[in-house]
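Everything below concerns the one structure shown next.
The values are calculated or read from the model by the stated rules, or taken from the named source; none is laboratory data. Values in this document were obtained by computation on a predicted structure and should not be read as measured data. Ideal geometry is used to build each Cβ from the backbone, glycine not excepted, and the neighbour counts take in all protein chains shown. Note: areas computed on protein heavy atoms with side chains; ligands, DNA, RNA excluded. Shrake-Rupley method; radii C 1.70, N 1.55, O 1.52, S 1.80 Å.
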Amino acid sequence: MVFLGNPEYGCELESINFAAFAQACGGVGMTIEDPSECSEILDRALATAGPVIVEAIVDPLEPALPPKIT
């Protein structure tokens with residue numbers, strides 16, 4: 001993206017709920033859907049003993065990097 005702008009390529013995958021998958025496997029899974037929940041959910045995840053999957057729902061069209069890096 002840094003060199004090519006915002007190329008649109010990739011593959012479409014079926015949606016999967018990673019947090020539910022973690023729970024189905026006996027683990028802990030949490031989902032962040034609203035940015036205002038991010039801090040609270042990450043604090044809970046870090047306070048949990050053992051591995052945790054944190055799924056963050058993001059805008060797929062939002063660039064991963066700013067257009068200009070300073």
Restricting the first residue to region 11-38 and requiring it to be free of Cβ contacts under 8 Å to residues at least 60 places away in the same chain, which pairs with a second residue that is surrounded by fewer than 14 Cβ atoms within 10 Å (Cβ to Cβ) and of a type in the set (Ser, Thr, Tyr) meet a Cβ separation below 6 Å and a spacing of at least six or different chains?
VAL28/THR48
Restricting region 43-59 to residues that are open to solvent by 70 Å² or more (accessible area, probe 1.4 Å) and part of a helix (DSSP H, G or I), which is nearest to ALA20 (Cα to Cα)?
ARG44
When region 21-42 is checked residue by residue, the ones that are part of a helix (DSSP H, G or I), touching a strand residue (DSSP E or B) at 6+ places or on another chain (Cβ under 6 Å) and open to solvent by less than 90 Å² (accessible area, probe 1.4 Å) are ALA22, CYS38, ILE41
